[in-house]
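Student: After the structure tokens below, expect a handful of questions from me.
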Amino acid sequence: HMTTCIVYEVIQFIDAPDFILYGVQVGWMLVHGIPPVIYSLFNSSIRSALRQMAKSDHSQTVAASRSQPSAAPIVRPPPAAAAA
């Protein structure tokens, strides 16, 4: 993490070749993207939760939650008849 930060700061003042810029960008993505992979590999509770999420049918859950109103419906009185 610190290496990519330092390189980003240095390349603001020194012209760097494209391969260094690409390498730093890939390194930054790996630093922030690898921890979830490592957690899912070594933590059995996270692994089982991920399997459970992958197996669940999300479309039924969303449809069921939308079909039930969260509050009582608003009832408005009919408009008054126009005076003649």
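The values are calculated or read from the model by the stated rules, or taken from the named source; none is laboratory data. Model, not experiment: these values are computed from the prediction. Ligands, DNA and RNA are stripped out before the accessible areas are found, and what is left, the full protein with its side chains, is counted by its heavy atoms. Shrake-Rupley method; radii C 1.70, N 1.55, O 1.52, S 1.80 Å.
Student: Compute, for MET2, the solvent-accessible surface of its heavy atoms (probe 1.4 Å) with the complete set of protein chains present, and express it in square angstrom to the nearest 10.
Tutor: About 130 Å², rounded to the nearest 10.
Student: Note the full-extension length gain between CYS5 and LEU30 as 0.36 nm times their separation in residues minus their Cα-Cα distance, in nm to one decimal.
Tutor: Going from the current span to full extension adds 7.7 nm.
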